[in-house]
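The values are calculated or read from the model by the stated rules, or taken from the named source; none is laboratory data. What you see is a predicted model; the values in this text were computed from it and never measured. All Cβ positions, even for glycine, are placed from backbone atoms using ideal geometry, and neighbour counts span all protein chains on display. For accessibility, only protein heavy atoms count, side chains too; no ligands or nucleic acids. Shrake-Rupley method; radii C 1.70, N 1.55, O 1.52, S 1.80 Å.
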Amino acid sequence: MSIISDIIDSTKAIIKGMSITLAQIPKEKWTVQYPDDPVTLQPRYRGQHLLHVDELGREKCVACFLCAAACPSDCIYIIADDDPRPEEERIGVDERYAKIYNIDYGRCIFCGYCVEACPKDAITHGYNFELSVYTRADLLKTKDDLLITKQKQSPNYRVAFSDEDVDSEYKEI
Amino acid sequence: MSSESIKVTINGSDYQVEKGARLIDVCRSNGHAVPSFCYYSDLALQASCRTCLVRIEKMPKLQTSCTITCTDGMIVTTESDEIEKARRGMVEFLLANHPLDCPVCDRGGECELQEMVFDWGGLEERFRERKNYAPEKYLSPVVANDPQRCILCKRCTRVCDEWMGEDAIEAGGRGVNTVIGTYGGWLNCSQCGNCIEVCPTGTLLDGTYRHQARPWELEQTITTCTFCSDGCQMSLGSRGGEVMRAVARDRYVNGINGEFLCIKGRFAHPFVNHEERLRTPMIRYRKGGKLIPATWDQALEFAANKLRETADAHGAEAIGVVGSPRITNEANYALLKFANEVVGTSNYTATDRFSLAPFFESLGAGLATHRDIRFAKTIVLVGGEPEELQPLTGKQIRQAVRNGGAKLIVINSRAIRLQQQAAQFIHIRPGAEDAAVLALADERFDELAAKKLGVDASELSTARGTVLDTEGNCIIMFGGELSPAAQSLLAQIPHAASTDKRRFLFHPLPLYNNSVGAHDIGLMGGAHTASSLLGAAGAEIRALYVAGSFLPDHLRGQEEALSKLDLLIVQELFETETTRYADVVLPAASFAETDGTFTNNDGLVQRVRASIPPAHQSKPDWMITAALAQTLGMDFNFQMSASTVFRELAERTTAYNGMRYPLLKDETKPVQAKHAIAPRRDLADEIEALRLSIESLDETAEKIMGTPPVGHELFKPGELTGKVPQFHLLAAGNPKPPDVLISPLYQITIDAGLRRTDEAVAVAGD
């Protein structure tokens, strides 16, 4: 091989590559400027769990332990208690409620089995996804972190509408 | 029942069965599954759930197999489209009024109705009508009730009537309006909780375990109850090192008691995880000073040094070793070994209320098992009150009389509730039980005994006649009222009275779970009794090593005895009267935290298994004793294993020869200790001594009239039961709170005069 043919070949390759690169410049950008811009999440995205309340603000969870039983990574810890007060004053919708409800996000694999198992629609996956912490102990979230009335939602996401074509945003335009 | 066999054809296969067998039992034992709710073997028939329907040839309609007795040549079909349709229909009816609140219901996960619906239920509920609503409520401090979940199988009412004889829970109303209820909306009974156990749904629930945990996350450990000498088998459900509940449900455990437990066995377990449990070893460095927490090494070193000092100064006989009828055989054996081999003292004993030594020395016949009691022909009960102090024995006696037609002779100074079942009740003067024994054994003393007992002489001869007319098993039970001589005399009766047709069996009624074991090990055979040991404290006894505590009975009149000792080492669960003067207190593990064996009043050696790790820094009793021996320079070579201790124990104790843990593994096949049968011997000395003591009895003493109330002994709070708030409510007369929809514990302040008083402390001291 001569040097000249080498130079010609490599120049061709550079031109081929750069033509693709330069061709992208005038096109629409699909890099999301997170965290300056919010990311768009699928409606069924499985983020940090939410514990729901009913229209009167009472917790829907009755501490049946089915989520804990369904959990493959054993990350849900519940202590149930009796709430003998009249219905209107109760913490939960029934006389049984979860005194303690912890999820260990160091173990959770976001499989969604707990949500499937819940007979009361009390637990769902929310959209909060920024779960990194400085100490591992902080990965343990308590009821105060999980209740829908108390969980602080991150400003860094937006949920796609159900008819929105989210996927194509990342595909060839 | 005859052993004649007949032929029954089930689903095309022929079976030879015993005449009179129940069809449902035959189907099930031969592998043809027949579902049922209301059928419960050993209870009266009900046939209300109608899920056990089968087709029997030549009968016009489907038949309930639980009420059919097999006849020769019967041809039965248990599986067909017709039967399936009928069963599915019945289950749909059962669910017509059953709420769908399984997530809240404590029974969820071990519910027979859930299982039935999995097998026979429809996918959809076709009934659109409103369900009858009734709020959940409490029937007593320990029984919660959700009437809406009831499917009216009436197991609870039958159990209450037939097992307990209380009839406290009954069905009221008719047809669709039938409800299970109590008189006055409040359960006044012995609170055994057996209605909870047999309930196939979540209608009756444990009020102490309410909404605490789910059955599938509990670790079930089969163990022996620690509250009385019946030794019921139960399953402790624990979660995360905490005992949550005790049940005897046959899906978990199948022991001598079936599904029976009493209030103590079922509800009095919270002492295990009580906050007052001793946490660390403690040392009192200066007499009158404070107990100061120490490490195990420090405490053992301190105790060992002091023991050495005492032995050097006063000799080994100045040291006493005290075991307990509450702790395991292994622990008592370790203490005996400590006394014999490490210290070399003959001053050892156990803190039991009375010794069974005279009885076992003269034992003329074997010990009865609870099954023997159930099928006995004649039962003689001298003293004692099994219903309160040995509830399983009480239940077996009642069933023997009601379902088995046994004749019961009750000889008691009080009109105990069991006398309602008795063929003959001999109401004697208090403290005169010995005279009754003498008359039973020897008719020459009828006149004398009758005079002292305050009964007619003919009553005694009638009782003797009943015993001598028995064909089958005659079981003699006795309580702690008998003197040693009377125990010997009673134990020798079989030699004179047994024939080919009649077998005598004994059933002693000691108060503690391991009273018989403590005797078998030989711990009761020391030079002193617990009381005399206390009497000698400060004189010839200078140091005591106590496992457990002295009973209030032992300390009465000599409360300061323990303060006179140079050294007192106590291993206990809680701070008690005994630890008040202790120099070293060592935290011991409770029955739920230790492996070992208990020997019950049948002589059955039954396993105790660790359900949770020992609380705080506590250790099993035998391990503490072995560690103390080690500190004193003697290696017991127990290798940290309870089975090693038991092997050595079994080798050295005649009655336990050949026993090993693998043999005791199966609670359905308990192993009886081989107590030696004593040959017939001359009892002239005992009879003469008895006659003299009887002649000195007061002939004018008042008889105790009136039947003691249900629970008068069961509800008294003791060292362990007093840790359970419910017992204080029950001991205070089971007050009905203003609102039964809310747990009584929330409504009634136990501290407001409902706490234990000294007079109300349980006899058994637990």
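General remarks:
Residue-by-condition table, conditions (1) within 30 Å of B:Val17 (Cβ to Cβ); (2) more than 39 Å from the chain's Cα centre (by Cα):
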residue	(1), (2)
B:Leu43	yes, no
B:Thr51	yes, no
B:Glu82	yes, yes
B:Val91	yes, no
B:Asn97	no, no
B:Glu136	no, no
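- Only one of the numbered conditions (1) more than 14 Å from chain A (Cβ to nearest Cβ); (2) in contact (Cβ under 8 Å) with a residue 60 or more places away in the chain is violated by B:Glu275, and that is (2).
- Meets criteria (within 14 Å of chain A (Cβ to nearest Cβ), surrounded by 16 or more Cβ atoms within 10 Å (Cβ to Cβ) and within 17 Å of B:Val176 (Cβ to Cβ)) for B:Pro103: no
- Against the test of being touching a Cys at 6+ places or on another chain (Cβ under 6 Å) and surrounded by fewer than 24 Cβ atoms within 10 Å (Cβ to Cβ), the options B:Glu166, B:Glu217 yield a single qualifying residue, B:Glu166.
- The numbered conditions (1) within 13 Å of chain A (Cβ to nearest Cβ); (2) farther than 18 Å from B:Leu187 by Cβ; (3) touching a Phe, Trp or Tyr at 6+ places or on another chain (Cβ under 8 Å) are all true for B:Gly108 except (3).
- Condition check for B:Asp583 on (1) among the charged types (D, E, K, R); (2) open to solvent by 10 Å² or more (accessible area, probe 1.4 Å); (3) closer than 21 Å to B:Pro293 by Cα: one failure, at (2).
- Filter pass, B:Val76 being of a type in the set (A, V, I, L, M) and assigned to a strand (DSSP E or B): yes
- Positions within the stretch A:50-63 being more than 12 Å from every other protein chain (Cβ to nearest Cβ) and either among the hydrophobic types (A, V, I, L, M, F, W, C) or assigned to a helix (DSSP H, G or I) (or both), in sequence order: A:Leu50, A:Leu51, A:Val53, A:Leu56
- Residues that are open to solvent by 10 Å² or more (accessible area, probe 1.4 Å) and farther than 20 Å from B:Arg308 by Cα were ranked within the stretch B:555-572; the one that is nearest to the chain's Cα centre (by Cα) is B:Glu572.
- Here B:Val605 qualifies as modelled with pLDDT of 95 or more, closer than 30 Å to B:Gln220 by Cα and not in a helix (DSSP H, G or I).
- Residue list for the stretch B:662-684, restricted to those being without any contact (Cβ under 8 Å) to a residue 60 or more places away in the chain and not in a loop (DSSP other than H, G, I, E, B): B:Pro662, B:Leu663, B:Ala684
- Helices (runs of 4 or more DSSP H) fully within the stretch B:279-394 counting 2 or more residues that are of a type outside the set (D, E, K, R) and open to solvent by less than 30 Å² (accessible area, probe 1.4 Å): B:296-314, B:329-337, B:357-361, B:370-374
- Residue in the stretch B:227-241 that is within 14 Å of chain A (Cβ to nearest Cβ), closer than 28 Å to B:Pro386 by Cα and more than 15 Å from the chain's Cα centre (by Cα) present: yes
- Test: residue in the stretch B:121-139 that is out of contact with any helix residue (DSSP H, G or I) (no Cβ under 7 Å at 6 or more places or on another chain), surrounded by fewer than 20 Cβ atoms within 10 Å (Cβ to Cβ), within 14 Å of chain A (Cβ to nearest Cβ) and within 30 Å of B:Glu219 (Cβ to Cβ): no
- When the stretch A:115-140 is filtered for residues that are closer than 19 Å to A:Pro72 by Cβ and under 14 Å from the mean Cα position of the chain (by Cα), the ones remaining, listed by number, are A:Val115, A:Ile123, A:Thr124, A:His125, A:Leu131.
- The lone exception for B:Thr499 - which of (1) outside any helix (DSSP H, G or I); (2) open to solvent by less than 10 Å² (accessible area, probe 1.4 Å) it fails: (2)
- Remark: pairs (first residue in the stretch A:77-88, facing another protein chain (nearest Cβ under 9 Å); second residue of a type in the set (S, T, N, Q) and assigned to a loop (DSSP other than H, G, I, E, B); Cβ separation under 6 Å; 6+ apart in sequence or on different chains) = A:Pro84/B:Ser743.
- Qualifying residue in the stretch A:64-74 (condition: at pLDDT 90 or above, in a loop (DSSP other than H, G, I, E, B) and more than 14 Å from chain B (Cβ to nearest Cβ)): yes
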